[in-house]
Amino acid sequence: MFLAALLGIAGCSKEKAVEPPAELTEFQQTLRVGRAWSAGVGSDGEVLRLGLGLAAVGERVYAAGRSGEVAAFVLGTGRPVWRVQTRAPLSGGTGTDGELVAVGSSEGEVIALAAQDGAQRWRVRIDGEVLSAPAVSPQAVVVRTVDGRLVALAPGDGHELWVHQEQVPRLSLRGTARPVISNDLVICGFDNGKVVAVNLADGALAWEAAVAPPRGRTELERLVDIDSAVVVSGNDVFAAGFQGRVAMLSRDTGQIWWSRDASSHRGLAVDDQAVYLSSSEAEVLALRRSTGVELWRQNTLLRRGLSTPAAGPDAVAVADFQGYVHWLDKAAGALAARASAGDARVTNPPLIVGDLAIVISDRGRITAFRTKPVAAPDPPPAGESAQ
């Protein structure tokens, strides 16, 4: 039923040569990057592209590894606060609201831990593989499963509150979008190219929008999965689909305000001015937030398997299949800095908090970088001219 995203597409034609990833080139660095700390969750076992990203609330950052370990670290220093071993093959996490930390497994379990000390609060089976982080709020823990279900669980004991189901196409990419809780709505993308909003209280459908309607004659051509989390900013919802479109929708009604053709199985980031997108070919695009008009396009990282971008104060950060993190200038998209987080692929998006950019590799290695602009040269003294 499911395809590994790039392997399935790259292998569909025997006549088309597969081009190699772009080589890294020299550039003028405009952002200074220093390693702040490093840590780890997991082992040196099989590298899998799973939805095991990072989450931060307050002064803590939370991480989970495939081998079952979940840990909390001090955000600024990386000092471990607690570690627990769930003994589950984790594949989706971490989600937190600062009170609970929730993770999901490939065997259909959802595990909730106390954010304060890692003590297990509950553990339930929902009979569906979890490949993305749960969304956590005081009202519900909401989990997306690979069979097209949104399942809401009670934060207190994990009992089921409601279920919403969407049809899954016969052929789809390997992965699921992370649900997002926005006030009284749960908003999530699905493999059928739709963004769906349901009421947090009871799971009733509030609206749905076909962001990426299927096109083409073959099942491969009609893949339109939305496998990345939507971004909710104010009353706007932003979503991107594979072989489909990137769009801005109304949070209240689902009306599409603008859309443009694009293909992404990674996703996007948003700030007050722009939408930043990693395309399926590993181009990074910046679109004007209000209209979708292209502002710039960076194509020097083609076919490097980029992560979802993360927007910081001065730059946009993306990670690649060799463990490099690249920072792009937000104004024009020029390369601003580069640093290595090790030699393992980074699938999940960087986490940016203030001047920290934190990444977790597919082996569970966590690396935090501290960034600041490169100081401009001092102006010449009065009466002297620059050489």
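How would region 281-382 be classified by its alpha-carbon gyration tensor: rounded, prolate or oblate, with rounded meaning a/c under 1.5 and the a/b versus b/c comparison settling the rest?
Oblate is the answer for region 281-382, as a/c is 1.5 or above yet b/c matches or exceeds a/b.
For the pair Ser250/Arg83, report the inter-label distance in nm, with labels modelled 7 Å from Cα in the Cβ direction.
For the pair Ser250/Arg83, the computed spacing is 5.1 nm.
Return the Cα extents of region 47-165 along principal axes one, two and three, sorted largest first, each rounded to a whole Å.
Computed over the Cα atoms, the extents are 42, 33, 19 Å.
How long is the gain from Ala204 to Gln116 if the chain were fully straight, where each residue apart is worth 0.36 nm and the alpha carbon distance is subtracted? Walk me through the intermediate numbers first.
On the way: separation 88, 0.36 × 88 = 31.68 nm, distance 3.27 nm.
Length gained, Ala204 through Gln116: 28.4 nm.
Take the chain, mark every one of the GluC sites (Glu not before Pro) that falls in a DSSP loop and has at most 12 other Cβ within 10 Å, then report the longest stretch left between them, sites excluded.
222-383
Using Cα pairs under 8 angstrom and six or more residues apart, how large is the relative contact order of the chain, in percent?
13
At 222 nm, what value in deg cm²/dmol follows for the chain if DSSP H runs of at least 4 each add -39500 (n - 2.57) and the sum is divided by all its residues, to the nearest 500?
About -500 deg cm²/dmol.
Based only on Cα atoms, what Rg/Rh ratio does the chain have, Rh being taken as Kirkwood's radius?
0.97
Among the trypsin sites (Lys or Arg not before Pro) within region 87-161, which fall in a DSSP loop and have no more than 13 other Cβ atoms within 10 Å of their own Cβ?
When the trypsin sites (Lys or Arg not before Pro) of region 87-161 are filtered for loop state and at most 13 Cβ neighbours within 10 Å, Arg87 remain.
Only the coordinates and a few stated rules stand behind these numbers; no lab work does. Note that the structure is a prediction, hence the values are computed from the model and not measured. Cβ coordinates were reconstructed from backbone atoms using ideal geometry, including for glycine residues, and neighbour counts include every protein chain displayed.
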